[in-house]
Structure formats: structure tokens, C-alpha cells
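Report on the following structure.
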Amino acid sequence: MLYRPDAGVLDALLTPLEADGLRLFIFANGPLDEEIERRLARSPQAALIRAPENMGLGHGLNAVTEAAAAEGFAFVLLLDQDSVPTSGMADALLAHLGALAASPTPPPAVIGPRLVSPAEEGYLAPWYSRRTAKDGVAEGAVDFLSTSGSLVSLAAWQAVGPFRADYFIDGIDVEWCFRAWNRGHGCYLAEEVTMPHRWGGAAENGKRQPQILRQSPLRSYYYLRNGLYGLRLAHIPWSWRLRTAARVTAQAALLLLAHRFDRPIRRLVFTALRDGLQARLGPAPPDIA
């Protein structure tokens, strides 16, 4: 999944995948500059799917998943430009899937690596909502996984349904994984398989900073809106809905305090909460920058 990618970052993403000889389905969410076009042209395994403008992450995820299914693949490894996969990661995840297939557990819809954040840039460590053996699941079961790094079973994707394109970006992985659990599939973390990943921009002076404050105002809108909208979905457990309600409240307060209640942020928070409550999804309103 590409959106205004940096050439160096893109090369770090593609190089290990090319070394493994993987077929690459690349969704370009909008125009690409000439340097990026030249880099992609040097990748013989790549099939480029273009969108004339930013169609959103959910649309792109479905496009590459459908392309992989059309070519007869059983699994698709989803990645975005904020991740740096290692050579052999896909095979390691497949090996974990094989072990899970032999255990009495819900069949896996998705398995992913443990994401690690750059320590020098002040990122908070990723948190996983883990399930336990008392829930009747195998070791490594989690409520959801981040999209990037996820190895998705295409048979499960067909059964669970497509990713929600109307979310546009943010919360797509959470909603889909809870839907997978609800429909008899599982989501699993391969603890010893790791992948560096960045969430938003680096904090100033390396100070630790909540993710909501690392994002652009536009991304903050989607965080708040989609989180609030998800409270109405029956397949999301009440425990998670209560946690989300508290998180959205805290994120809105953090944004307002960090920006000293200035007018643009007040408008953003109000619009996000209104749209989430009224189920106004899709792209953000044009006045949200």
C-alpha cells in the first residue's frame, strides 16, 4: 500500500520481498513521482494497481487481496510503507500457520509478526489485546493485529468479507479481526517473528508521545470518527466497546489540550464525533486538513 512514498523507505520495503522472490501486488493510492516509478519498474515481480487519487486504505487492501485471489494465491502478506520486513518473514509466518492448523483452535484468518518501534524516536511500545487458553484458543491468539505485516488467509477473507472501505483509514484492522472472530476464525501473533514499524511521525527530541499526537489532524479525525462509529457494531465485544469509548474520550481531550483548544482542532473534534455518531463514513469532509 503506497501513498506519497519516500524513495528510500520504499526501497527498504521492497528489497527483502524481492530477495524472497515474492509476487508483489502494489496499490498506488494516487499519483507517483518519477523516482518511485523508476524504482517500481526495476521490480520484475511487481504488479502495480493504480488509483487516480487517494481512495483510502480499505479500498487498497481489498484491491490487492482480490488481485492475489485472482492469481490463485492462498495467502496475501499486507504491508504499508511504514514497515520494514525482513527476508524470510513470510515463510516464518506460514510455518506458524502450519503449526496452528494442527491444534484444536479456530482456524486462522490472519497471523502477524510482533511489531517493534524505533526506540530512538520516542515511540511507545505496541500493545496487544491477548486472548488466553481459558478462551479455548491456541497460544498467540489476539483480538486483532495491525494491517501491516498481516498474513491473511484468502479463504478466510472470502468467508469473513472484505475490509471496510468506508472507514477509509484507521480502525480497519480492528473491525475486520473482530468480525473474523465472530464468524469462527482466529487472529494470531507470531511472537518471535518481529518487524520494525512506525506509527505517525517521530516525536521531538525523542520524547515518548501518544500516537494521536504524532498524527496529522486528518488522521486524528479518522481515529476519533471510526472509533466512535465502531461502538454500534454487534460483533465487537462490549468490553472492547467500553475501552474504545474511554480511549476516544481521552484522545479528544489530548488533542484539545495539546492544541490549546484552538478553533481548527475544536472543529475537527466536533466533526469527528458527530460523523462517528451519525455513521457518516467515507473520506473526511474537505475542510478537515
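Observations, loosely collected:
- For region 102-201, DSSP calls about 35 percent of its internal beta bridges antiparallel.
- Arranged from fewest to most other beta-carbon atoms within 10 Å of their beta carbon, 129, 153, 216, 103 become 103, 216, 129, 153.
- Take the Cα of residue 216, step 7 Å toward its Cβ, do the same at residue 102, and the gap between the two points is 4.8 nm.
- Comparing 28, 102, 92 in a Gaussian network model of the chain, where Cα atoms under 10 Å apart are tied by springs, the biggest mean-square fluctuation is seen for 102.
- Applying 1/(1 + (r/R0)^6) with R0 = 41 Å to the Cβ-Cβ distance of residue 155 and residue 263 gives a FRET efficiency near 0.25.
- Net charge dipole size for region 28-117 [Lys, Arg +1 and Asp, Glu -1 on Cβ; Debye, nearest 20]: 260 debye
- For the chain, relative contact order (Cα pairs under 8 Å, six or more residues apart, normalised by length) works out to 18 percent.
- Pairwise label distance in nanometres, residue 194 with residue 243, each label 7 Å out on the Cα-Cβ vector: 2.3 nm
- Residue order, fewest to most beta carbons within 10 Å, for 80, 135: 135, 80
Read-outs throughout are calculated quantities, based only on the coordinates presented, and are distinct from any laboratory measurement. Here the structure is a predicted model, which is why all the values come from computation and not from measurement. Positions of Cβ are backbone-derived with ideal geometry, glycine not excepted, and every protein chain shown enters the neighbour counts.
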